[in-house]
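Derivation of every value follows stated rules applied to the coordinates shown; laboratory data play no part. Keep in mind it's a predicted model, so treat the numbers as computed, not measured. Note: ideal-geometry Cβ built from the backbone for every residue, glycine included; neighbour counts use all protein chains shown.
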Amino acid sequence: MPWCGGDARSSSNRLPDLQLSPNLIRVVYATPADGPDNFAADAPLIAADVGAIDAWWRGQDPTRAPRWDLYPFAGCAPGFGQLDISFVRLESPGSAYLEVSSRAFHLATQLLDAASDDTKTLVYYDGPVGEQDICGTSGVEPHGGGTFGFAFVWLAACEADLGQAGEKARTAAHELLHDLGAEPDSGPPHACPAPTTGHPCDSPTDILYPYVRPGEPLASAVLDAGRDDYYAHSGSWWDVQDSDWLARLPQFPLTISIEGARGRVVNGTRTVSCPTACSLATDNGAQVQLVAIPAAGSRFVGWKGACGGRGTCAPTMDGARSLTAVFGAASFALTVAVSGRGRVIGVGVSCASRCSGVLPGAATTRLRARPAAGYRLAGWGGDCHGVGTCTLAGDRAHRVTARFARA
């Protein structure tokens, strides 16, 4: 599978994302300080395996799929060529990560800056390992994410079949399920005994079975054999099918456009609009809450398309939706009061007593005082001072007084 990022390296999340939800599964290629740089060669293979995991998952459950972090690379067709794969050169040499019991902890500690409380991170580690029969690892985080939301695949261990939907892909899916909360050490009916707790032992075909035959392909695995241990079960313990990091299918595109002056659209605390337009994958049946926020010097005129008015836009995503946030130049009230004999002139006002006008947003406005014959400007008051030209910024409403006195 071609990966559209080419040789481009980024250690942080590329924006914009192509999912409306912030609960994304990020993919990271990590190598030690003295390790190899196989990123350009491995990134397309990682994208191929992630695409295979996604297809396998949809085949097991047509109502769910992992919510992968995708990025709209220029000229890239929709699909896993858009997978946002980060490159991280670790701080320590490979010798610091040899011990299997502490490797995941050390890696997670160094990768925390690239994580957030909304993300899960699938890490492909390209460094030396002291054992060849442990293919990956992860913790169990039923309701957690981000800070400790890591799953690891050891590229130097087990089968060298990256990109072939084989044992590496099966390992990635296995460890990701652990990171999504599968399964509690006790509670499910087929929990394995120590030392392999956290796995089901009812079927060797289960993707979460603690052992796998070398070279076993992903396609031969089953997502919770019997559906009674960790996925789509009827028990009282955590069900991975309920994870926020799984999209509810079918997803529908939400296209958001910006028109006019500057502004943005937010969903909660997260900006979801691009400079012109974005199409975001949105869960089936999701109730979206969108708010338009104008930039300085702009004002929100209103919605067009799936929403109207100027309030919160809340479409129900039971189909594709398109909407436009229209922004215009801001304007602010200007109030002028004159005492004595004279006139204030500027921005559409010519005021000899009391008057009001409109200040254009994001622009500087100048008012001039013209005394009558035999009078002089004694001084400005309100938002202006002195006896020179009154200069006002177009950032808020202003009140100005001009006092004229006999010369």
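Classify the range 116-240 as rounded, prolate or oblate, taking a ≥ b ≥ c as the square roots of the eigenvalues of its Cα gyration tensor: rounded when a/c is under 1.5, otherwise prolate if a/b is larger than b/c and oblate if not. Oblate, since a/c reaches 1.5 and b/c is not below a/b. A straight chain from Q289 to R376 at 0.36 nm per residue would run longer than the Cα-Cα distance by 25.6 nm. Taking every alpha-carbon pair under 8 Å whose residues sit at least 6 apart, the chain reaches a relative contact order of 11 percent. Charge dipole (Cα centre; +1 on Lys/Arg Cβ, -1 on Asp/Glu Cβ; no other charges) of the range 331-406 amounts to roughly 360 debye.
Counting only DSSP H runs of at least 4 residues, each contributing -39500 (n - 2.57), and dividing by the residue count of the chain, the helix-based mean residue ellipticity at 222 nm comes to -4000 deg cm²/dmol. Against the chain, whose longest principal axis comes from its Cα atoms, helix 39-60 is set at around 80 degrees. Ranking L107, L122, A286 by Cα position along the charge dipole of the chain, where only Lys, Arg, Asp and Glu carry charges on their C-beta atoms, puts A286 farthest toward the positive end.
Please report the relative contact order for the range 331-406, taking Cα pairs under 8 Å with a sequence separation of at least 6, and give it as a percent rounded to a whole number.
Values: 201 pairs, mean separation 28.8, N = 76.
Dividing the mean separation by the residue count of the range 331-406 yields 38 percent.
First check a/c for the range 331-406, with a ≥ b ≥ c the square roots of the eigenvalues of its C-alpha gyration tensor; if it is under 1.5, answer rounded, and if not, answer prolate when a/b is larger than b/c or oblate otherwise. It would help to have the intermediate numbers written out before the result.
On the way: a/c = 2.24, a/b = 1.87, b/c = 1.20.
Prolate, since a/c reaches 1.5 and a/b exceeds b/c.
Comparing G139, G285, G381 in a Gaussian network model of the chain where C-alpha atoms under 10 Å apart are linked, the largest mean-square fluctuation is found at G381.
Once you have the Kirkwood Rh of the chain from its Cα pairs, apply Stokes-Einstein at 10 °C and 1.306 mPa s and quote D in µm²/s. Kindly include the intermediate steps, with their values, before the conclusion.
On the way: Rh = 25.0 Å.
For the chosen part, D equals 64 µm²/s.
The distance between label points at D318 and R227 comes to 2.4 nm (points 7 Å beyond Cα on the Cα→Cβ vector).
The DSSP beta bridges internal to the range 250-329 are antiparallel in roughly 75% of cases. Relative to the longest principal axis of the Cα atoms of the chain, the long axis of helix 167-179 lies at roughly 60 degrees. Considering only L24, L377, L45, the Gaussian network model of the chain with Cα springs below 10 Å gives its largest mean-square fluctuation to L377. Computed from Cα positions, the angle between helix 100-111 and the longest principal axis of the chain comes to roughly 10 degrees.
Nearest 0.05, what FRET efficiency do L98 and T269 give at R0 = 45 Å with Cβ-Cβ as r? Numbers along the way, then the final one.
Numbers: r = 41 Å, r/R0 = 0.91.
Plugging the Cβ-Cβ distance into 1/(1 + (r/R0)^6) gives 0.65.
Across V28, V336, V272, mean-square fluctuation computed from a Gaussian network of the chain (C-alpha pairs under 10 Å connected) peaks at V336.
Spin-label model, I345/L249: points 7 Å from Cα along the beta carbon direction are separated by 7.2 nm.
Comparing G6, V240, G394 along the charge dipole axis of the chain, the residue lying farthest to the positive side is G394, per the Cβ-charge model. Around the Cα centre of the chain, unit charges on the Cβ atoms of Lys, Arg, Asp and Glu (plus for the first two, minus for the last two) sum to a dipole of about 5020 debye. Model label points for C355 and D113, set 7 angstrom from Cα along the Cα-to-Cβ axis, are 5.9 nm apart.
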